[in-house]
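The values are calculated or read from the model by the stated rules, or taken from the named source; none is laboratory data. These numbers were taken from a predicted model, which means no experiment stands behind them. Note that each Cβ is placed from the backbone with ideal geometry, even for glycine, and that neighbours are counted across all protein chains shown.
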């Protein structure tokens, strides 16, 4: 059970400090301002931090605490873990200087692992950023808020071997208003790993989707089973980096990970029903789509509606490349639309409403194509050059979508005028993407992560 | 010779109007404010536009003009072209209603083509947006400036079968401050096509790079020869859309293009030395990199330097996927850097300077790896979490780059704080990308488009 990490009532912060030069000061600030349980600063160098009592050791707290957070030199930690039996249930060790730091560090990590096993203490880390959790207010990420915005609360949980990767993603998500539930950076994962976390998140009511950054998985079969169980309850997507030789070598020196052959990971994801991600852009897209989107897609049949022929063709290319189906219009829908739309329109899939488009054409095309059983999802690609388009378009599309009860993705590439329109779409709760490729990938994630697999 | 299009001294605008509901009013406004030659409005419905004399016909101008721009109903145009012998050398026909509009339109276009051949008039279009040219001030794009920003002057020229695609790209380039020389949208290309334009641009001193959007090429061998000649002088990149069946069908209804098998295009690009683009994102990246960048890359060996291990691994993956070489560090460089950098750094390629990084580490790593003959180009991926990084970093990297005389690409993913740093990099003339994938693709374009092929 990982309750000591995801539902701690009390925390000891070992190495607590107010000195802004120490990373622990950031953690102390965060916990002080947002963690709602008991917080005990521990540091033999101080009697108090401000007006708060500071303890010389965890033992001196005299209460059992759920979680100890270590932000001190690596060499002292194994002994403190060994002495921790009965004093704390879990430890987050953000300190580096273990397996990733050569032979001496490797020995120290071995010592740490044995100490933890003997003391019955669960460990996240070392060499990690730990946990950022909007449910409990736990935040051991030692990056100051001016360098990393904290995302708001949401349903997305992120598991990451790389701390800096998690930081960068969280910062981007925050800037885009995408919320998260739990983010775990486990670094060297000497104890708690991705499978432990998946087991917890599978049953976690706060988590509606999980996205993983993976450099290596050591217990392959356990991972497949844990992921498959999680997939029964919510979508899981994973990026495995280091699929090339150079990158794999880099991953090894980064978190001491033996990356292994990519094909094995790809097959494992498939077996477990995990959505496979290819790179950083995919990772961000999956976070946005799976975390944000409450949409249900029952299949892979995409209708593309645009007022710019070239963009429509580019979207169709991207969709087909991703294994989505850009199926031709049925004859009754074609007849109905030929009777409704201006004759210059290309009534097909993709459908080109041309530069003569007015708002209502988008609405008519969307309704007539999606109301039957021929399509599962639509991409509406509105270019804003045509003078007949007004700022009422987003509301019109949102209304149709509500009535049709199918996901509608907006693709709206362009410059300043277009980016201002983005706000109107977002305000209507419509997911917006700026390129054909990203819109198509978003649809593929919605289709792969579709809820009917778990309904 | 296409001088009538790219260096016109006089223009007749047929259908000129001040009525803002008419597309021609946008063209008239643009030409009035930026075209430096003679401009003759032609419209039998008006004696004057404001205080400017308006002519009832081209004939009534009584002077030979270089270029006639037609923004009137399709049905009148063939006859006016037929009568144009000796009156104008070239015509841009923005009007639709030809080949793309069914059997009647197809006949009308055939009539147009015959008329042009007989009258000795060259034609761009019909069903197009024509030319936007920062060299001459010609602008027949009938999208009002509030819906499409005009890019500033620059060395990039764009050829596009799709008008809306060209509009969207120009709008994005303008928002990103990327300049252009000539943009040509030729739509149905009943006469002037991509090969004619390539022939002109090959020798055009204003053009330093060419990027094409292609739905179809009818004269395959001519295209390969024209592109290959252009590649002798400057980089050429091309996106062929409609490589999937659905998309190809859409392209046919869009500009009447018979798209043909993608593999043929891919082979033609290779033969001609054209950089092959895959989708809209690639197209934009190529515009930015080839248009903006004065850098010379002599090869494909990439050095990756980062302070975020996970991002470094992701960049290495992307580079290798694109056929770039992420070659390991040589032993003497490794020794030199081990003596210079803090011991926590992973001295390898990718190089991870870790969260303990300070500005100088980036400078040292860049200099020691690029100053020898082991690498052609570097990607510097700076994550801004580490507290030791300051706003002096961009200037430091720019200085090293100047000394090293090799291209340095910045990859800086993140949120608000990071996006503010972007400005500092740009101010130093460093190309900035926000994702590992886009930075890697930018490097691949620089390597493929490298100048030494033409030196």
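Starting from residues that are facing another protein chain (nearest Cβ under 9 Å) and surrounded by fewer than 24 Cβ atoms within 10 Å (Cβ to Cβ), keep the ones in region B:357-388 and report whichever is farthest from residue A:25 (Cα to Cα). For region B:357-388, the residue satisfying everything is B:386.
Report yes if residue A:305 is assigned to a helix (DSSP H, G or I), within 14 Å of chain B (Cβ to nearest Cβ), buried (at least 24 other Cβ atoms within 10 Å of the Cβ) and modelled with pLDDT of 95 or more, otherwise no. The answer is no for residue A:305.
Among the residues of region B:404-427, those identified as closer than 20 Å to residue B:369 by Cβ and in contact with a strand residue (DSSP E or B) (Cβ under 9 Å, 6 or more places away or on another chain) are B:404, B:406, B:407, B:408, B:409, B:410, B:411, B:412, B:425.
Take residue A:72 and decide whether it is surrounded by 14 or more Cβ atoms within 10 Å (Cβ to Cβ), touching a residue at least 12 places away in the same chain (Cβ under 8 Å) and within 30 Å of the chain's Cα centre (by Cα). Yes, satisfied.
Would you mind stating whether residue A:333 is in a helix (DSSP H, G or I) and at the interface with another protein chain (Cβ under 9 Å from one of its Cβ atoms)? So residue A:333 fails the test.
For (1) without any contact (Cβ under 8 Å) to a residue 40 or more places away in the chain; (2) part of a helix (DSSP H, G or I), each residue gets a yes or a no:
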residue: B:103; (1), (2): yes, yes
residue: B:136; (1), (2): no, no
residue: B:143; (1), (2): no, no
residue: B:154; (1), (2): no, no
residue: B:159; (1), (2): no, no
residue: B:165; (1), (2): no, yes
residue: B:169; (1), (2): no, yes
residue: B:173; (1), (2): no, yes
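Close Cβ contacts (under 9 Å, 6 or more residues apart or on different chains) running from residues in region B:387-399 that are in a loop (DSSP other than H, G, I, E, B) to residues that are loosely packed, with under 15 Cβ neighbours inside 10 Å and modelled with pLDDT under 95 comprise B:387/A:20; B:387/A:21.
Summed over region B:113-133, the residues that are touching a strand residue (DSSP E or B) at 6+ places or on another chain (Cβ under 6 Å) and either in contact (Cβ under 8 Å) with a residue 60 or more places away in the chain or within 14 Å of chain A (Cβ to nearest Cβ) (or both) give a count of 12.
Can you tell me which of A:192, A:183, A:211 is more than 14 Å from every other protein chain (Cβ to nearest Cβ) and either buried (at least 20 other Cβ atoms within 10 Å of the Cβ) or touching a strand residue (DSSP E or B) at 6+ places or on another chain (Cβ under 8 Å) (or both)? It is A:192. Counting the residues of region B:336-349 that are assigned to a helix (DSSP H, G or I) and touching a helix residue (DSSP H, G or I) at 6+ places or on another chain (Cβ under 9 Å) gives 3. Note on region A:1-54: residues that are in a strand (DSSP E or B) and either over 30 Å from residue B:388 (Cβ atoms) or free of Cβ contacts under 8 Å to residues at least 40 places away in the same chain (or both) amount to 10. Here residue B:415 passes the criteria (1) buried (at least 19 other Cβ atoms within 10 Å of the Cβ); (2) within 14 Å of chain A (Cβ to nearest Cβ); (3) in contact (Cβ under 8 Å) with a residue 12 or more places away in the chain except the one numbered (3). For region B:75-101, the set of residues classified as in a loop (DSSP other than H, G, I, E, B) and surrounded by 18 or more Cβ atoms within 10 Å (Cβ to Cβ) consists of B:84, B:87, B:94, B:95, B:96, B:97, B:98, listed by residue number. Taking the criterion of being part of a loop (DSSP other than H, G, I, E, B), surrounded by 24 or more Cβ atoms within 10 Å (Cβ to Cβ), at pLDDT 95 or above and within 12 Å of another protein chain (Cβ to nearest Cβ), would at least one residue in region B:282-297 satisfy it? There is no residue in region B:282-297 that is part of a loop (DSSP other than H, G, I, E, B), surrounded by 24 or more Cβ atoms within 10 Å (Cβ to Cβ), at pLDDT 95 or above and within 12 Å of another protein chain (Cβ to nearest Cβ).
Out of all the residues in region A:327-342, is one or more in contact with a strand residue (DSSP E or B) (Cβ under 7 Å, 6 or more places away or on another chain), surrounded by 23 or more Cβ atoms within 10 Å (Cβ to Cβ) and assigned by TED's automatic domain parsing to the domain that holds residue A:385? No: zero hits. Scanning region B:146-162 for residues that are touching a strand residue (DSSP E or B) at 6+ places or on another chain (Cβ under 8 Å) and at the interface with chain A (Cβ under 8 Å from one of its Cβ atoms) yields a count of 3.
Just wondering, is there one or more residues in region A:218-236 that are in contact with a strand residue (DSSP E or B) (Cβ under 6 Å, 6 or more places away or on another chain), modelled with pLDDT of 90 or more, more than 14 Å from chain B (Cβ to nearest Cβ) and surrounded by fewer than 24 Cβ atoms within 10 Å (Cβ to Cβ)? Looking for residues that are in contact with a strand residue (DSSP E or B) (Cβ under 6 Å, 6 or more places away or on another chain), modelled with pLDDT of 90 or more, more than 14 Å from chain B (Cβ to nearest Cβ) and surrounded by fewer than 24 Cβ atoms within 10 Å (Cβ to Cβ), one finds at least one in region A:218-236, hence yes. The residues listed here are A:320, A:313; of these, the one that is in a helix (DSSP H, G or I), facing chain B (nearest Cβ under 8 Å), surrounded by fewer than 21 Cβ atoms within 10 Å (Cβ to Cβ) and in contact with a helix residue (DSSP H, G or I) (Cβ under 8 Å, 6 or more places away or on another chain) is A:320.
What do you reckon, is residue B:401 over 25 Å from residue A:245 (Cβ atoms), in contact with a strand residue (DSSP E or B) (Cβ under 6 Å, 6 or more places away or on another chain) and more than 8 Å from every other protein chain (Cβ to nearest Cβ)? It is true that residue B:401 is over 25 Å from residue A:245 (Cβ atoms), in contact with a strand residue (DSSP E or B) (Cβ under 6 Å, 6 or more places away or on another chain) and more than 8 Å from every other protein chain (Cβ to nearest Cβ).
Taking residue B:430 as the residue in question, decide whether it is outside any loop (DSSP other than H, G, I, E, B), away from chain A (no Cβ under 11 Å) and in contact (Cβ under 8 Å) with a residue 24 or more places away in the chain. Answer is no for this residue.
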